[in-house]
Amino acid sequence: MAIRNIRQIGDEVLNKTCKEVTEMTPRIRELIEDMIETMDDANGVGLAAPQVGILKRIVVIDTTGEDLYVLINPRIVETSGEQTGYEGCLSVVGKTGVVTRPNYVKVVALDEDMQPFELEGTELLARAICHEVEHLDGHLYVERVEGELQDTEDAVES
């Protein structure tokens with residue numbers, strides 16, 4: 001396992017659409033392990049493959065430190081409700097902004113054994129799912145920010 005370099009806003013790889021994963025290979029397994037280690041090292045709650053320069057539809061999320069999810073080819077199939085709050089990104093260091101997202105999300109994906117599963121999340125998990133899935137289509141949360149980006153230390157959680 002290795003900690004990978006997290007690409008920063010302005011890197012063109014972050015604006016590209018990722019390709020679906022069609023089979024589990026040793027390289028894909030290594031990528032997933034590296035993504036988990038990289039996310040943990042950066043104290044993040046989620047990381048998408050393009051953030052480490054790989055254009056594959058893979059996301060890792062852990063909002064609690066105890067519930068790690070690996071989502072391969074994730075697709076959001078249901079949303080409801082609304083939440084507005086501060087959001088940040090490991091690819092936009094030192095900045096945060098107010099973003100409105102669904103308060104409930106259902107996603108279908110493949111696990112590390114390429115088996116389909118559903119994941120439902122509310123609040124922070126719902127926010128993280130939406131945020132990370134958008135990375136796979138070349139979008140950053142800054143496109144959704146209401147108002148101006150703020151320095152992280154100036155933001156207050158709402």
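For E66, the conditions (1) part of a loop (DSSP other than H, G, I, E, B); (2) surrounded by 16 or more Cβ atoms within 10 Å (Cβ to Cβ); (3) out of contact with any helix residue (DSSP H, G or I) (no Cβ under 9 Å at 6 or more places or on another chain) are fulfilled apart from (2). All of V77, V45 fail the test of being at pLDDT 95 or above, among the β-branched types (V, I, T) and farther than 17 Å from S91 by Cβ, apart from V77.
Among residues that are over 21 Å from A42 (Cβ atoms), surrounded by 17 or more Cβ atoms within 10 Å (Cβ to Cβ), in contact (Cβ under 8 Å) with a residue 40 or more places away in the chain and in contact with a strand residue (DSSP E or B) (Cβ under 9 Å, 6 or more places away or on another chain), L140 is not included. Here A48 fits the description: in contact with a His (Cβ under 6 Å, 6 or more places away or on another chain) and touching a residue at least 40 places away in the same chain (Cβ under 8 Å). Taking segment 108-128 as the range and being assigned to a helix (DSSP H, G or I) and either under 14 Å from the mean Cα position of the chain (by Cα) or under 26 Å from E23 (Cβ atoms) (or both) as the test, the residues that pass are L124, L125, A126, R127, A128.
Scanning segment 90-105 for residues being under 17 Å from Q51 (Cβ atoms) and part of a loop (DSSP other than H, G, I, E, B) gives a total of 2. Annotation for segment 55-73: no member residue is over 19 Å from G44 (Cβ atoms), more than 14 Å from the chain's Cα centre (by Cα) and among the polar types (S, T, N, Q).
The number of residues in segment 47-63 being small (G, A, S) and either part of a strand (DSSP E or B) or in contact with a helix residue (DSSP H, G or I) (Cβ under 6 Å, 6 or more places away or on another chain) (or both) comes to 2.
The values are calculated or read from the model by the stated rules, or taken from the named source; none is laboratory data. Because the structure is predicted, anything quoted here is derived from the model rather than measured. So basically every Cβ, Gly included, is an ideal-geometry build from the backbone, and we count neighbours across all protein chains shown.
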